[in-house]
1. Could you tell me how many cubic angstrom of Cα convex hull volume segment 101-249 has per residue?
2. What list do you get for Lys227, Lys287 if you sort them by fewest beta carbons within 10 Å?
3. Report the one residue of Ala329, Ala359, Ser187 whose Cα lies farthest in the direction of the positive end of the charge dipole of the chain (charges on C-beta: Lys and Arg +1, Asp and Glu -1; origin at the Cα centre).
4. Quick check: pseudo-label points 7 Å beyond the Cα along Cα→Cβ at Asp362 and Lys295, how many nm apart are they?
5. So how do 381-389, 197-205 stack up, highest first, on mean other-Cβ count within 10 Å?
6. Could you please state, rounded to a whole Å, how far the C-alpha centre of segment 359-405 is from the C-alpha centre of segment 168-232?
7. Using a cut-off of under 16 Å, list every residue of segment 85-119 whose amide N is near the label point 7 Å from the Cα of Ala136 along the Cα-to-beta-carbon line.
8. Please give the Cα centre distance for segment 297-332 versus segment 1-68, rounded to the nearest Å.
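A short reminder: the numbers here are calculations on the coordinates, not readings from a lab. All figures in this text were calculated on a predicted structure; none of them were measured in a lab. Neighbour counts are summed over all protein chains in view; Cβ atoms, including those assigned to glycine, are modelled from backbone coordinates with ideal geometry.
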Amino acid sequence: MATRVIIVRHGQSVYNTQQIIQGRCDESVLTETGLTEAHKVGVTLSKLNFDAVYSSPLQRAKQTAEVICSYSPNSVGLQFEDNLMEIDLPLWEKLRKSDVVEKFPEEYRCWKQRPHEFHMVIPTPEGSREHFPVLALHQQAQQFWQEILPRHQGQTILIVAHNGINRCLISTALGIPPARYHSIRQSNCCINVLNFIGGWGEQVQLESLNQTSHLGDALPTLQAKQKGLRLLLVRHGETEWNRASRFQGQIDVPLNENGRQQGAKAAEFLKEVPINFAVSSPMLRPKETAELILKHHPHVPLELQDALLEISHGLWEGKLEAEINEEYADLLLQWKEAPETVQMPEGENLQQVLERAVACWDEMVKSAADSATELKTGIVVAHDAINKVILCYILGLGPESFWNMKQGNGAVSVIDYPQGGEQPPVLQAMNITTHLSGGVLDQTAAGAL
């Protein structure tokens, strides 16, 4: 049984509103908005039974955790962990961001562009020491997992902490390198879901990232006057073969009735989002999903891209997992444990899928971002395997991390390129399914690809 971990960032704080760098300074507390956000999280999580709740001891996280716990159906003691404290930026704490940019231009540029190399020289009684904040925070997050996971195998736990440490908790669990520190967004009082299949170092699945629907924001908010590109990556709605766990691959299976309803719900979810362009795999299930979404955007043409076709499972296509297991038991087990090593019989391997999907993705990004004088938003509707390899690529991961990414039928992920196509993207949110079930957990079919 998996260990489910819900990770929440604290609510809006006084220093957040003033654009002051907080770090481990404990002067900042929640604003009225932050308290309201915490109550909304409490209501949203009130149906879940937590076996343990851990919080950073800093006031803004502690206040948020106490509010959430007041809604819990079962009484679980709140435990404070120093390993959940925010990133340590001693030379910048209590400075306005604008002042840091002005006073430390080279250091700030390194912080934004090469966070794994960013360091501070801290005065000490003996002289000075070099401090690498992001690398230290990664080590801190890993230590937290190694200490906590053995205590809660098969249980559900809640973590309430901060922007930076949350990023590192997610990154260390999935193997995302420190260089991608800024590639993960954490909004105030967002909800993330991780599923650890075993202990530390074993398989872990990112079920969702930076959910904000419970706060009234369908998608993570844009920065003021943000330019560049926003891409909404959508998985097609359910098919009968998804429901039956039958491998479909490149067999052109249409949506079932539930899949059409999921497409319609995704369409309603994205109804108010200005969409400038739309791209889809040419197969029936994503194409129909895209067409349902575009009913609310009738002036946007749909471009079909063969490079976004689902993975070819070759001789496995059309078969149930039990049928495949009879003939390819060893290969099926290999597919579950080391998918990057599998060559599908008369089909593809994941590296081939990644190369064609990423080439198509990069071309879309280059074309749209280079011509953008203001924010452009596009939707890309594709398949489970295609979406997963694209998400791995965005986070600096290879096909060996394929199973780390969850993609529910009708789910929406949000990827921003705020600095244009030449700079690394930001995964603003992943696998949003709240528009389908109303809850924070993905309830879509867990069927075959």
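1. Working: hull volume 29.5 nm³, N = 149.
Considering the Cα atoms of segment 101-249, their hull volume per residue is 198 Å³.
2. Values: Lys227 16, Lys287 19.
Ranking Lys227, Lys287 by Cβ neighbours within 10 Å, fewest first, gives Lys227, Lys287.
3. Value computed over the given set: Ser187.
4. About 3.8 nm, to one decimal.
5. Values: 381-389: 27.4, 197-205: 14.6.
Descending mean neighbour count gives 381-389, 197-205.
6. Each part's Cα centre sits 15 Å from the other's.
7. Within reach of a label on Ala136, which here means backbone N under 16 Å from a point 7 Å along Cα→Cβ, segment 85-119 contributes 85-94, 111, 115-119.
8. The distance from the Cα centre of segment 297-332 to that of segment 1-68 comes to 40 Å.
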